[in-house]
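Have a look at the structure below, then the notes.
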Amino acid sequence: MGLAEVSSVLWRERELLEMLLFKLEEEQLVLASGRTKWLARATREVDVVLQEIKRTELLRAVEVDAVAAEAGIPANPSLAQLADAVAEPWAGLLREHRQAFLTMTAEVQALAQANRDLLTTGQRAAREALLSLTDGTATYTPGGEAVTVGTRHHLLDSAL
């Protein structure tokens, strides 16, 4: 075990994060297009990549702890701490990995939030459409009780 193995695992994690970004963008395209037929598959693919990331993180933790022991630093160090404890060119490479992880993590968080927003908007639109077909509109009283307000008459195009 050594820094070469740590670097190899870090490269694998970066590849997986790029795959996660791709899968999140796919999911976003499905959501934005309204083709919900593929939403479950897109979400499942995101979950598969997340599971692989978890397995790789465990492998990284084992490798990093071994290198930390060799370097004489406490177990479970951050990449910055590990970079500070090792010589060049490994220190520079570990810092590059750390910066790439920070950048990709921010991108993943932004895409995941955008996807959640799309899901919420879609769910709200579907709920409102369904409510418009009922005899009244569901709302709440100041005390939090559900009530139905007014009766509406609807024309529905049967061709839909």
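All of the numbers you see were taken from the coordinates with simple rules; none came from a lab. Model, not experiment: these values are computed from the prediction. As a convention, Cβ positions derive from the backbone with ideal geometry for all residues, glycine included, and neighbour counts pool all protein chains shown.
The table for this structure:
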| quantity | calculated |
| --- | --- |
| Positive minus negative residues near Ala61 (Lys, Arg vs Asp, Glu; Cβ under 13 Å) | -2 |
| Lys, Arg +1 and Asp, Glu -1 on Cβ, resulting dipole of segment 3-134 about Cα centre, debye, nearest 20 | 740 |
| Net charge, Ala114 excluded, C-beta distance under 15 Å - Lys, Arg +1, Asp, Glu -1 | -3 |
| Ranked by how many other beta carbons lie within 10 Å on average, peptides 5-17, 90-102, 107-119 from highest | 5-17, 90-102, 107-119 |
